[in-house]
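Data first, discussion second: the structure below is written as structure tokens.
The values are calculated or read from the model by the stated rules, or taken from the named source; none is laboratory data. As the structure is a prediction and not an experimental result, all values here were calculated from the model. Heads up, the Cβs are rebuilt from the backbone with ideal geometry, glycines too, and the neighbour counts pull from every protein chain shown.
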Amino acid sequence: DMYNWIAARWWTSRAGDLTTINHTIALTGSVGDTKTIKAIVIGKGRTNSNVATFTYTIGSASPSLTADTSNNTVGQAVDIAFTDNATWRSAITGVTVNGNSIAGQYTVTAGNINIASGVFTNYGDYTIVVTAADYTNASVVQHMNGLTPPTISSYGPKTLAQNAYINFTDNYAWRSHITGITVGSEELGSFGVGYGQITIEGGTMDTAGTYTVTVYSTGYEPTSCQQTWTN
């Protein structure tokens, strides 16, 4: 049985109690054993007041998964490796990436799970979970590198009232997927994007200084340059 202290009024004064109460439950047994777990309310007149009851069947251990570190750039398919286990492999029922099913977008072969390139649309870390009947879930974190963006550069210092221009060798795929621009720690509410140039309108900045301008585009690594504004 578990007792979960949920009264918010006690959280700040009894943090130590919460740490003790809220903890991972370790289940022991053999493969195939079914365990019943209950959450109950304790107190006068509340004997056997079940809040929740659920069961868990202990499965066999799945093989460890290894992320792809050679073909892990956005736009590439990735190969998740494992020490082959034909029984586990044939029992696979599904694969999720960041909690979303990718049914029809993966192929399982001996020692390998190939995941289609269209699954990974941006750079960053993805949690891959493989489920198999009568086995514990297998998971791995796959890092995807972004595509290389064009180099950007400032056209030169501008006054606060003037438009500032950020130049780049034109790349239509990159500029058409720009999702945002930050100047320092602030995200711009508006900006213009054209052939080989980004425009930051005059009056956008309130304080003179040199700022880092960073451009974000889906599927690409961020790219930055310095821009100076004067009074």
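Just to verify a result, which residue in region 78-108, among those that are among the β-branched types (Val, Ile, Thr) and free of Cβ contacts under 8 Å to residues at least 12 places away in the same chain, is nearest to Asn137 (Cα to Cα)?
Keep residues of region 78-108 that are among the β-branched types (Val, Ile, Thr), which gives 78, 80, 83, 87, 92-93, 95-97, 102, 107-108.
From what's left, free of Cβ contacts under 8 Å to residues at least 12 places away in the same chain: 87, 107.
Working: Thr87: 14, Thr107: 18 Å.
My answer is Thr87.
Kindly indicate whether any position in region 78-86 is among the hydrophobic types (A, V, I, L, M, F, W, C), at pLDDT 95 or above, touching a Pro at 6+ places or on another chain (Cβ under 8 Å) and not assigned by TED's automatic domain parsing to the domain that holds Thr179. Reasoning before the result, please.
Initial filter on region 78-86 (among the hydrophobic types (A, V, I, L, M, F, W, C)): 78, 80-82, 86.
From what is left, the residues that are at pLDDT 95 or above are 78, 80-82, 86.
This time we only want the ones that are touching a Pro at 6+ places or on another chain (Cβ under 8 Å), so: 82.
Checking which are not assigned by TED's automatic domain parsing to the domain that holds Thr179 leaves us with 82.
Checking region 78-86: at least one residue is among the hydrophobic types (A, V, I, L, M, F, W, C), at pLDDT 95 or above, touching a Pro at 6+ places or on another chain (Cβ under 8 Å) and not assigned by TED's automatic domain parsing to the domain that holds Thr179.
Can you tell me how many residues within region 110-168 are of a type in the set (Phe, Trp, Tyr) and surrounded by fewer than 16 Cβ atoms within 10 Å (Cβ to Cβ)? Let's see the steps before the verdict.
So in region 110-168, the residues of a type in the set (Phe, Trp, Tyr) come out as 120, 123, 126, 135, 155, 165, 168.
Narrowing further to those that are surrounded by fewer than 16 Cβ atoms within 10 Å (Cβ to Cβ): 155.
Residues meeting the conditions: 1.
Consider Gly111 carefully, then state whether it is at pLDDT 95 or above and closer than 30 Å to Val213 by Cα. Walk me through it before giving the result.
Working: at pLDDT 95 or above: yes; closer than 30 Å to Val213 by Cα: no.
No: the conditions fail for Gly111.
Just the residues that are part of a strand (DSSP E or B) and not β-branched (Val, Ile, Thr), please, taken from region 110-119.
Keep residues of region 110-119 that are part of a strand (DSSP E or B), which gives 112-115.
Matches in region 110-119: Asn112, Asn114.
I'm trying to understand the selection: among the residues of region 148-162, which are over 18 Å from Gly196 (Cβ atoms) and either among the hydrophobic types (A, V, I, L, M, F, W, C) or at pLDDT below 95 (or both)?
Passing the criteria: Leu160, Ala161.
Pull up region 113-132, narrow it to residues that are aliphatic (A, V, I, L, M) and within 12 Å of Asp68 (Cα to Cα), then point me to the one that is nearest to the chain's Cα centre (by Cα).
Within region 113-132, the first condition is being aliphatic (A, V, I, L, M), and the residues that meet it are 113, 115-116, 119, 128-130, 132.
If we keep only those that are within 12 Å of Asp68 (Cα to Cα) too, we end up with 113, 115, 128.
On the way: Ile113: 20, Ile115: 17, Ile128: 10 Å.
Among residues in region 113-132 that are aliphatic (A, V, I, L, M) and within 12 Å of Asp68 (Cα to Cα), the one nearest to the chain's Cα centre (by Cα) is Ile128.
The conditions are (1) in the same structural domain as Thr214 (by TED's automatic domain parsing); (2) out of contact with any strand residue (DSSP E or B) (no Cβ under 7 Å at 6 or more places or on another chain); (3) over 30 Å from Asn231 (Cβ atoms), and Arg175 fails exactly one of them. Which is it?
Failing condition for Arg175: (2).
Please determine, by comparing only the residues of region 135-159 that are part of a loop (DSSP other than H, G, I, E, B) and in contact with a strand residue (DSSP E or B) (Cβ under 6 Å, 6 or more places away or on another chain), which one is nearest to Thr207 (Cα to Cα). Give the steps one after another, and end with the answer.
Going through region 135-159, the residues part of a loop (DSSP other than H, G, I, E, B) turn out to be 136-137, 146, 148-151, 155-157.
Adding the requirement that they be in contact with a strand residue (DSSP E or B) (Cβ under 6 Å, 6 or more places away or on another chain) leaves 137, 146, 149-150, 155, 157.
Working: Asn137: 53, Gly146: 33, Pro149: 29, Pro150: 28, Tyr155: 19, Pro157: 13 Å.
Ranking the candidates gives Pro157 first.
From the list Asp170, Asp206, which one is of a type outside the set (Phe, Trp, Tyr) and either farther than 28 Å from Thr73 by Cα or free of Cβ contacts under 8 Å to residues at least 24 places away in the same chain (or both)?
Working: Asp170 fails: either farther than 28 Å from Thr73 by Cα or free of Cβ contacts under 8 Å to residues at least 24 places away in the same chain (or both).
Every option except Asp206 fails the conditions.
Counting only residues that are assigned to a strand (DSSP E or B) and surrounded by 12 or more Cβ atoms within 10 Å (Cβ to Cβ), how many does region 187-208 have? Outline the logic, then answer.
Step one: filter region 187-208 for residues assigned to a strand (DSSP E or B), giving 187, 192-194, 197-200.
Next, from what is left, pick out any that are surrounded by 12 or more Cβ atoms within 10 Å (Cβ to Cβ): 193, 197-200.
Selection size over region 187-208: 5.
Regarding region 29-44, can at least one residue be identified that is of a type in the set (Ser, Thr, Tyr) and modelled with pLDDT under 65? Give the steps one after another, and end with the answer.
Start the filter on region 29-44 by keeping residues that are of a type in the set (Ser, Thr, Tyr), which leaves 30, 34, 36.
Retained after the next criterion (residues that are modelled with pLDDT under 65): 30.
Yes, that holds for at least one residue.
Mind checking which residues of region 67-109 are touching an Asp or Glu at 6+ places or on another chain (Cβ under 9 Å), in a strand (DSSP E or B) and surrounded by 17 or more Cβ atoms within 10 Å (Cβ to Cβ)?
Answer for region 67-109, where residues must be touching an Asp or Glu at 6+ places or on another chain (Cβ under 9 Å), in a strand (DSSP E or B) and surrounded by 17 or more Cβ atoms within 10 Å (Cβ to Cβ): Val78, Asp79, Ile80.
For region 120-134, what are the residues that are of a type outside the set (Gly, Ala, Ser) and either free of Cβ contacts under 8 Å to residues at least 24 places away in the same chain or part of a strand (DSSP E or B) (or both)?
Asp125, Tyr126, Thr127, Ile128, Val129, Val130, Thr131
Being surrounded by fewer than 13 Cβ atoms within 10 Å (Cβ to Cβ) and either free of Cβ contacts under 8 Å to residues at least 40 places away in the same chain or of a type in the set (A, V, I, L, M) (or both): is that true of Ala61 here?
Numbers: surrounded by fewer than 13 Cβ atoms within 10 Å (Cβ to Cβ): yes; either free of Cβ contacts under 8 Å to residues at least 40 places away in the same chain or of a type in the set (A, V, I, L, M) (or both): yes.
So Ala61 fits the description; yes.
What pairs can you find where one residue is in region 185-203 and farther than 16 Å from Gln162 by Cβ and hydroxyl-bearing (Ser, Thr, Tyr), the other is in a loop (DSSP other than H, G, I, E, B) and at pLDDT 95 or above, and their Cβ atoms are less than 6 Å apart, with a gap of 6+ or different chains?
Cβ pairs passing all conditions: Tyr195/Asp170.
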